[in-house]
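The values are calculated or read from the model by the stated rules, or taken from the named source; none is laboratory data. Everything numeric here is computed off the predicted structure, so don't read it as measured data. For neighbour counting, all protein chains shown are included, and Cβ atoms are generated from backbone atoms with ideal geometry for every residue, glycine included. Only protein heavy atoms, including side chains, enter the accessible area calculation; ligands, DNA and RNA are left aside. Shrake-Rupley method; radii C 1.70, N 1.55, O 1.52, S 1.80 Å.
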Amino acid sequence: MAYLTGFNITGQDAFLYVAKEKGYFRDAGLDVDIQAGAGTQRNLATLKSGKAQIACIDVAGGIIESRRPPFVDFRIFTTIYQRGVSCIVALPTAGIHAPQDLRGKKIGYTVGGVNRSIFPAYASAAGMKDSDVVWVEMAPTGIRPALMAGQLDASTEIVVGRPAIEAAARAAGKLRPGETVTMLPYSDLLRDVVGNAIGCLTETAVTNPDLVRGFRDAAVRGLVDTIADPDAAGEIMAKHVPAYTPEIAAAEVTEMIPYVRGSDAIGYLDPVRVRACIALIQGLGLVPADVAPENIVAFDLQPHR
């Protein structure tokens, strides 16, 4: 079976390789092919095509896509991040240190990415308007290189990607010793936004719940092991994805930890939090009032609380 990551393959996906390396997927009777995803919108389309069976779905992005054509009927069954990891990143030369500094700046984004979709709420919380920035549409693989080349002032990102971004910036001579990139996490202002989760088509959840439970349990075991020992997870990640060094992968895993851990068990998503996230997105006019948590999450297939 095929699994789609959230956006390319990065250190945040180490837990999948840990589950694969330690035989957790095998123990569940699964042979998992980990493939690079391209954001929630495209991941859902790939699920609908049958080319993948399970995928990383951003919860906020999934809520938005739940009522947007072509109407992919899906359900989330395991949470990766209890808090949103969407952010804006900028190099020191851009002079961006706070949300208000984004006014008039060119920001790279990918169509269908939740970072772009919910930015109006972030901008409003910061006392700005969406139109205060200049949006530059780009392919997923082109955003980081464009940022390093100075073609953008900033770009949409995820907070756990800091180590890889800073390594690329240093290699490109864009960071002097002691300098760091600026990251503006949406979760600083949007407390109700939930981050990435794992989901599948509703049809898969209904007709093959054993597949879903097997993947869920193996993935959660891998996630628990990964955040317990980032260095070991980094070594495993680099073994399977040679483009990543163990050090960068481990550093990204370390960045993940506060977002994975919450007040509930790892992987569990509280219906109250889902409802709050839906309400925020409804406030943006992106989904109608009748969207409910059970339209998004298969609560009966979640890990136990």
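With contacts defined as alpha carbon pairs under 8 Å and 6 or more residues apart, what's the relative contact order of the chain in percent? Could the numbers behind the result be given before it?
Values: 606 pairs, mean separation 88.9, N = 305.
That works out to 29 percent.
From the cross-link list Lys51/Lys239; Lys48/Lys239; Lys20/Lys51; Lys51/Lys106; Lys48/Lys129; Lys106/Lys174, which pairs have alpha carbons spaced over 24 Å apart? Present the calculation step by step, with values, prior to reporting the outcome.
Values: Lys51/Lys239 26 Å; Lys48/Lys239 31 Å; Lys20/Lys51 20 Å; Lys51/Lys106 35 Å; Lys48/Lys129 35 Å; Lys106/Lys174 18 Å.
The pairs that break the limit, which is 24 Å between Cα atoms, are Lys51/Lys239; Lys48/Lys239; Lys51/Lys106; Lys48/Lys129.
Calculate what fraction, in whole %, of the accessible area of the stretch 10-49 sits on carbon and sulfur atoms when a 1.4 Å probe is rolled over the protein chains. List each step's numbers first, then the result.
Numbers: 680 of 1600 Å².
Roughly 42 percent of what the probe reaches on the stretch 10-49 is carbon or sulfur.
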Label corresponding to Cα Rg over 2.2 N^0.38 Å when calculated from the structure given, among (1) 1.11; (2) 1.17; (3) 0.95: (3)
Calculated from DSSP helices alone, with each H run of at least 4 adding -39500 (n - 2.57) and the total divided by the residues of the chain, [θ]222 nm to the nearest 500 comes to -11500 deg cm²/dmol
Approximate spin-label separation Ala265-Arg305, in nm, with each point projected 7 Å along Cα-to-Cβ: 1.1
Would you mind calculating the relative contact order of the stretch 1-148 from Cα pairs under 8 angstrom and at least 6 residues apart, reporting the percent as a whole number? 22
Rounded accessible area of Glu247 (nearest 10 Å², 1.4 Å probe): 130
Sequence gap at least 6, Cα distance under 8 Å: using those rules, report the relative contact order of the stretch 160-305 to the nearest whole percent. 26
Ignoring ligands and nucleic acids, what accessible area does Arg273 show with a 1.4 Å probe (Å², nearest 10)? 60
Compute, for Asp33, the solvent-accessible surface of its heavy atoms (probe 1.4 Å) with the complete set of protein chains present, and express it in square angstrom to the nearest 10. 80
FRET efficiency for Arg103 and Arg213, Cβ-Cβ distance as r, R0 = 45 Å, nearest 0.05? 0.40
What length, rounded to one decimal in nm, is gained on full extension from Ser124 through to Thr245, with 0.36 nm per residue of separation minus their alpha-carbon distance? 39.7 nm
Between Val134 and Gln282, with labels modelled 7 Å along Cα→Cβ, what's the label distance in nm to one decimal, could you check? 3.8
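Evaluate the charge dipole of the stretch 1-65 about its Cα centre and quote only its size in Debye, nearest 20, assuming +1 on the Cβ of each Lys and Arg and -1 on the Cβ of each Asp and Glu. Intermediate values should be presented prior to the final figure.
Numbers: 6 positive and 7 negative charges, 24 e Å.
Here the stretch 1-65 has a charge dipole of around 120 debye.
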With Cα springs under 10 Å, the Gaussian network model of the chain assigns the largest mean-square fluctuation among Asn43, Asn115, Asn295 to Asn295
Which one, Ala232, Val212, Thr245, is farthest towards the positive end of the dipole of the stretch 207-251 when Lys and Arg carry +1 and Asp and Glu -1 on their Cβ? Val212
Accessible surface, per residue, of the chain when the full set of protein chains is kept, probe 1.4 Å, Å²: 41
The extension gain from Lys51 to Glu203, computed as 0.36 nm times the residue separation minus the Cα-Cα distance, is 53.3 nm
In whole Å, what is the distance between the alpha-carbon centres of the stretch 280-305 and the stretch 13-46? 24
Percent antiparallel among DSSP beta bridges with both residues in the chain, to the nearest 5? 60
Between Arg68 and Met1, what is the label-to-label distance in nm when each label sits 7 Å out along the Cα-to-Cβ direction? 2.6
